[in-house]
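**Q** Okay, handing you the structure first.
The values are calculated or read from the model by the stated rules, or taken from the named source; none is laboratory data. Not measured: the values here are computed from a predicted model. Cβ atoms come from the backbone with ideal geometry, glycine included; neighbour counts cover every protein chain shown.
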Amino acid sequence: MKKILLVLVTTLTILFSACQGSKVVLYVSISGDDNNPGTKEQPFATLEKATKEASFFAGKKAITIYLRGGIHYIRKPILLTASTSGTKDCPIVFSSYSNEHAVISTAKPLTDLDWKEYKDGIWQAEIDESLVFDQLYLNGEKQCMARYPNYNKEVRHFNGFSKDAISQERVKRWANPSGGFVHAMHKHEWGGYQYLITGKDKSDSLILEGGFQNNRQMGMHDSYRMVENIFEELDSVNEWYYNKENKTLYFYPPKDLDLKTALIEVPQLESIFMLQGTEESPVKYIEIKNLELRQTLRTFMETKEPLLRSDWTIYRSGAIKLEGTENCLVENCFINSIGGNAIFFSNYNRNDRVENNHITNIGAGGVCFVGSPTAVRSPHFEYNEFMSWDKIDTIKGPANNNYPSLCVVDNNLIYNIGTVEKQVAGVQVSMSKNITISHNSIYDMPRSGINISEGTWGGHIIEWNDVFNTVLETGDHGSFNSWGRDRFWYADRVMMDSLNAKYPQAVLWDAVETTTIRNNRWRCDHGWDIDLDDGSSNYHIYNNLCLNGGIKLREGFHRKVENNIMVNNTFHPHVWFENSKDTFKYNIVTKAYLPIRVKDWGNEIDYNFFPDLASLKAAQENGTDNHSKAGNPMFINPAIGDYRVKDDSPALGVGFKNFDMSKFGVQNNELKKIAKIPDFPDFKISNDLANADETYDWLDAKFKNLTTEGERSATGMDGIKGVLIVKLDENSVLERFGLKENDVILKYNRADVDNWTDMEREIVKSYKGENIRITVFREQKEKIINITLP
């Protein structure tokens, strides 16, 4: 009875001390005590205690929980539900106090360890408690799990890769590799794979579990592989290994490090804040501000859920996870050293904001919006999955409200994303509607800066962003990337043309509202600046400065591209369907168009500005650009990134209009000071026609070497190699035997064909009447076709 009375008296004391009229202010300090009343003079010790006490006032008073300076280690995520929810007039705010720097970490600091020398510069210490050893930080800096090959920041893929990473010869050296991990790129460089090693067999081949991180299974890349958490690979400074059986930590420290005074931390949780509500009972008006959030677990072995008809899988988690929320805010936070996603909006969320944050060193994605597949009508989950048209739901738009909408990502600095997982984006949008992404600086990541999955349900505004140094470890992608592949879409072009003729309204069943991409600066050196891939539909793209990769439109409908500048590049129309209703007007291109398999040129391709008359003439021969012009666009000052044209520029004569180039990226003064900007290329007027690839004739067909990223993308090849069939004449012998235009010939009579020279050498060896075995690449797989030479 006395204990109950003591708790009651303590609670009443806290309530009385914390109340300040219509506001409640609670304080948390690393030197506090949870038996204190939570005042500035007598603060709590834990955020968990402060959150529990705040629940008494939720929805009744405005609540601020101040964290005093220092590192606040949490033992479980801060869970906020509808019962701990604010209102517009009475929000719940989590913030650092005044100008103090408060850090929230899920790590466990390892103190008073008895370090002993092991051998060869490696030290060891026994750990007397059960902990997760997924990552290790030394004085705030992440260290490397024992790995092969060793870490090298200059290497593009995985900061070190080797073809023999999991070879039998290497595996033979490992006594017990169980618990290790294999990281590999996808065979076509469409993201990556991760595997847990569960053992090895008698032939010294690894037994692996995983590989579900990519939704288009094609196997590991032959070369881009690395392995970690293998004791025998502990051979380099800053590497570590934890032996679970004997609970011993091994570490190879720098020579000048004093292990007795060093701060060693190991993360224990995947999330710091979890806002968990529903559409019926949402979490409202929670503000997370002015905090550093850091050190969470990696989650790559949980990345299993496929996004619609894509290469992607995702895991619905993050350092901050929001599900079933309204009017919540993440502002002015430093989100750093996160193992999985930084911020994840799952399913129903409305009117939430992510503003003025510094997000870096993130294992997976930056800011993710992913709705529920239950909101999608006739969802398809794998690239080759199709539903018969008599079974497809024909109702327009979402089936329910279980998706993010009307949310804003504004003025954030996002870089060094995807340090572990490679199928990620700075900002990812899937099964969502009306998301605004504005004034963000996004760079240094393995895949896209901004990615929009499928057409569900459009209405997004992407403006004033500065996105560059993307697609650094992958391929066939862009700084902005999207795909459609909505319920109407088929990979077969003939089928798609016939369906579109019969059901023209179907292309907007999912892409209900127009997505606008305007006033951004893009640069991609390993793909396209703007890449609208398979079936991306209902876009308006204007006033974008594209610094390297140009603009690609593939297999979509209702796309309007106007008043953009493509520096040292051009327009890439790929595999257009009939009656696409696309337009391309008032743009400045600086190379000839690079179309692939385009016969129907949409609604209007005209009033554009070309670098030279030859490029313009080539376009006009396709029936486009009758009112377009050519010449020097006369950019004002390309050296400093000012690609506006001068007052007497001939580009103005086709209808191009200058647009502001001074407001790309973060405008927050503090973030702007540290944000990088892209390199500005030397502008060159180039006539690609002069260097056009030579074509070759054989058996009433035309061939060329596959030489460009565009041809690789259009054919689905995993690299730039092979001989492309450009044209098959009517009644061609090759066509009768089953070869098709856009096939890539990889082998002729089992001899590898990397180029026409290889093929021609084999053709010369052939004779009339011989049966020839030709291996082609078509529709994402190899196919063998047998022909008889006439």
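**Q** Going through the range 238-252 one residue at a time, which ones are part of a strand (DSSP E or B) and touching a Cys at 6+ places or on another chain (Cβ under 8 Å)?
**A** As a first pass, look at the range 238-252 and keep what is part of a strand (DSSP E or B): 239-243, 248-251.
Selection gives 239, 240.
**Q** Still on this structure, please answer the following. Select from the range 59-70 the residues that are touching a Leu at 6+ places or on another chain (Cβ under 9 Å) and either free of Cβ contacts under 8 Å to residues at least 12 places away in the same chain or aliphatic (A, V, I, L, M) (or both) and write down the one among them that is nearest to residue 100 (Cα to Cα).
**A** Going residue by residue through the range 59-70, those that are touching a Leu at 6+ places or on another chain (Cβ under 9 Å) are 63-67.
Next, from what is left, pick out any that are either free of Cβ contacts under 8 Å to residues at least 12 places away in the same chain or aliphatic (A, V, I, L, M) (or both): 63, 65, 67.
On the way: 63: 19, 65: 14, 67: 8 Å.
For the range 59-70, the residue satisfying everything is 67.
Residues checked against (1) of a type in the set (Lys, Arg); (2) in contact with a Lys or Arg (Cβ under 6 Å, 6 or more places away or on another chain); (3) assigned by TED's automatic domain parsing to the domain that holds residue 26:
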{"position": "49", "(1), (2), (3)": "yes, no, yes"}
{"position": "71", "(1), (2), (3)": "no, no, yes"}
{"position": "94", "(1), (2), (3)": "no, no, yes"}
{"position": "113", "(1), (2), (3)": "no, no, no"}
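**Q** For the range 339-398, what are the residues that are within 26 Å of residue 290 (Cα to Cα), among the charged types (D, E, K, R) and free of Cβ contacts under 8 Å to residues at least 60 places away in the same chain?
**A** 352, 353, 355
**Q** Out of the residues in the range 133-165 that are more than 27 Å from the chain's Cα centre (by Cα) and part of a loop (DSSP other than H, G, I, E, B), which is farthest from residue 339 (Cα to Cα)?
**A** Only one residue fits best here, namely 164.
**Q** For residue 267, all conditions in the list (1) out of contact with any Gly (no Cβ under 8 Å at 6 or more places or on another chain); (2) more than 30 Å from residue 374 (Cα to Cα) hold save one; what is the number of the exception?
**A** For residue 267, the failing item is (1).
**Q** Go through (1) part of a loop (DSSP other than H, G, I, E, B); (2) at pLDDT below 95; (3) among the β-branched types (Val, Ile, Thr) one by one and return the number of the condition residue 30 breaks.
**A** Just one mismatch for residue 30, condition (2).
**Q** What tally of residues in the range 575-594 results from selecting those that are surrounded by 22 or more Cβ atoms within 10 Å (Cβ to Cβ) and either polar (S, T, N, Q) or closer than 18 Å to residue 536 by Cβ (or both)?
**A** Qualifying residue count for the region: 7.
**Q** Shifting gears a bit: What number of residues within the range 58-76 are out of contact with any Pro (no Cβ under 7 Å at 6 or more places or on another chain), more than 23 Å from residue 280 (Cβ to Cβ) and part of a loop (DSSP other than H, G, I, E, B)?
**A** Number of matching residues: 5.
**Q** Does the range 217-232 contain at least one residue that is touching a strand residue (DSSP E or B) at 6+ places or on another chain (Cβ under 7 Å), under 23 Å from residue 473 (Cα atoms) and either free of Cβ contacts under 8 Å to residues at least 12 places away in the same chain or part of a loop (DSSP other than H, G, I, E, B) (or both)?
**A** yes
**Q** From the list 132, 155, 237, which residue is closer than 17 Å to residue 298 by Cβ, surrounded by fewer than 17 Cβ atoms within 10 Å (Cβ to Cβ) and not assigned by TED's automatic domain parsing to the domain that holds residue 476?
**A** Of 132, 155, 237, the one residue that is closer than 17 Å to residue 298 by Cβ, surrounded by fewer than 17 Cβ atoms within 10 Å (Cβ to Cβ) and not assigned by TED's automatic domain parsing to the domain that holds residue 476 is 132.
**Q** Just to check your reading of the model, which residue among 550, 484, 475 is crowded, with 24+ Cβ neighbours inside 10 Å, in contact (Cβ under 8 Å) with a residue 60 or more places away in the chain and of a type in the set (Gly, Ala, Ser)?
**A** The match here is 484.
**Q** From the list 420, 424, 429, 408, which one is in contact (Cβ under 8 Å) with a residue 40 or more places away in the chain, more than 18 Å from residue 456 (Cβ to Cβ) and touching a His at 6+ places or on another chain (Cβ under 9 Å)? Walk me through how you get there before you give the answer.
**A** On the way: 424 fails: touching a His at 6+ places or on another chain (Cβ under 9 Å); 429 fails: more than 18 Å from residue 456 (Cβ to Cβ); 408 fails: touching a His at 6+ places or on another chain (Cβ under 9 Å).
Criteria check complete, one pass: 420.
**Q** Could you check the range 213-266 and list, in sequence order, the residues that are modelled with pLDDT of 95 or more, within 30 Å of residue 781 (Cβ to Cβ) and among the basic types (Lys, Arg)?
**A** 225
**Q** Of everything in the range 500-535, what is within 27 Å of residue 677 (Cβ to Cβ) and either free of Cβ contacts under 8 Å to residues at least 12 places away in the same chain or of a type in the set (Lys, Arg) (or both)? Give them in sequence order.
**A** 518, 521, 523
**Q** Go through the range 746-769 and report how many residues are modelled with pLDDT of 85 or more and touching a Leu at 6+ places or on another chain (Cβ under 8 Å).
**A** 2
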